[in-house]
Amino acid sequence: MLKFIDLFCGIGGFRLALEKRNLECVFSSDIDAYAQEAYKCNFGEKPNGDITKISAKDIPSHDILCGGFPCQPFSISGKMGGTTDPRGKLFYEIKRIAEYHKPKVLLLENVKNILTINKGTVIKSIETELKEMGYILHKKLLNASYFGIPQSRERVYFVALKGSDLSYEFPKETRKKFYLENIFEKEVDEKFIINRSDIVVQKKDNELENKLKPIRVGLLNKGGQGERIYSLKGHAITQSAYGGGVGARTGLYNTPQGVRKLTINECKTVMGFPKKHFVSSGMQGYQQLGNAVIPSMVGYVFDGIRGL
């Protein structure tokens, strides 16, 4: 049985995908105490803490190293600090562990901006480091909207392979016709509904065709981030761990009940997690989902590896 480790594990998106494929998780790590507890509720074991304080020799040997290394330093909402942000240097923890254990595969994920931040110097540095370690890197920007997930979520997937017996091909888009109207809850608590006098809805659902992307139909206030309203005929905007505005983290949607945010179960669905998957209560849960990787996307990417 192939073994993997789950770094910066969050609520376990990588683990869900790989255990579904009969791989064994032999180590997990996350610095966030809330994420550790959520992970324990889902998988029965508490992840190790700060990876920078864990010796590589204390990590079990493994075939695959997984890591959605923290994206905030590279994202727009994270102010794009790149490798000047301490969290941006966590790639070098991946390097440290990979140099010691020499896993066959590094399976990594990050935000779109990692490709362009600091005029491309960050991604070039990562590519150089991996090449010097003997890995052949395959990378591609994929949008979950084109793989059966009702959320526009562009992420860069890295598949780094060690050994001439391994090869790789990225998945082809499924273009499955699946929309928010297929998953939204018909009746929700009033706390999710936005009652304001400045709401402007310019288009109704019966005037629209389904699209595999968010369909903007209105706004409130000045229509800034978190103040835009979208249709159930399309997809959710990118779920975020942070961000401001009335629709912070989930976006705003025009429903028969009124304009509202998504519930935690709806967010689980647009992130590809089962509703039974545990997340922390309140805003911590939304943050955990916004930070997560989409399990089915990890699965699609992993399935392109040949020769394991």
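For this structure, a couple of remarks:
- Residue list for the stretch 177-188, restricted to those being surrounded by 10 or more Cβ atoms within 10 Å (Cβ to Cβ), closer than 20 Å to Tyr286 by Cα and of a type outside the set (Phe, Trp, Tyr): Leu180, Ile183, Glu185, Val188
- The single condition among (1) under 22 Å from the mean Cα position of the chain (by Cα); (2) free of Cβ contacts under 8 Å to residues at least 24 places away in the same chain; (3) more than 16 Å from Gly67 (Cα to Cα) that Lys89 does not meet is (3).
- Selection status of Ala241, at pLDDT below 95 and crowded, with 17+ Cβ neighbours inside 10 Å: yes
- Reported count of residues in the stretch 91-133, each being of a type in the set (Gly, Ala, Ser) and within 17 Å of Ser61 (Cβ to Cβ), is 1.
- Any hit, the stretch 44-64, residues being in a strand (DSSP E or B) and either in contact with a Leu (Cβ under 9 Å, 6 or more places away or on another chain) or free of Cβ contacts under 8 Å to residues at least 12 places away in the same chain (or both): yes
- Pick from the stretch 111-162, criterion touching a Pro at 6+ places or on another chain (Cβ under 8 Å) and either within 30 Å of Val270 (Cα to Cα) or in the same structural domain as Ile237 (by TED's automatic domain parsing) (or both), ranking: surrounded by the most Cβ atoms within 10 Å (Cβ to Cβ): Phe147
- Residues satisfying the stated conditions in the stretch 9-43, i.e. under 24 Å from Lys95 (Cα atoms) and assigned to a loop (DSSP other than H, G, I, E, B): Cys9, Gly10, Ile11, Gly12, Leu23, Asp30, Ile31, Asp32
- Unmet requirement for Leu208, which otherwise passes all of (1) surrounded by 14 or more Cβ atoms within 10 Å (Cβ to Cβ); (2) within 27 Å of the chain's Cα centre (by Cα); (3) of a type outside the set (Asp, Glu): (2)
The values are calculated or read from the model by the stated rules, or taken from the named source; none is laboratory data. Just so it is clear, the model here is predicted, and its values are computed rather than measured. Cβ atoms come from the backbone with ideal geometry, glycine included; neighbour counts cover every protein chain shown.
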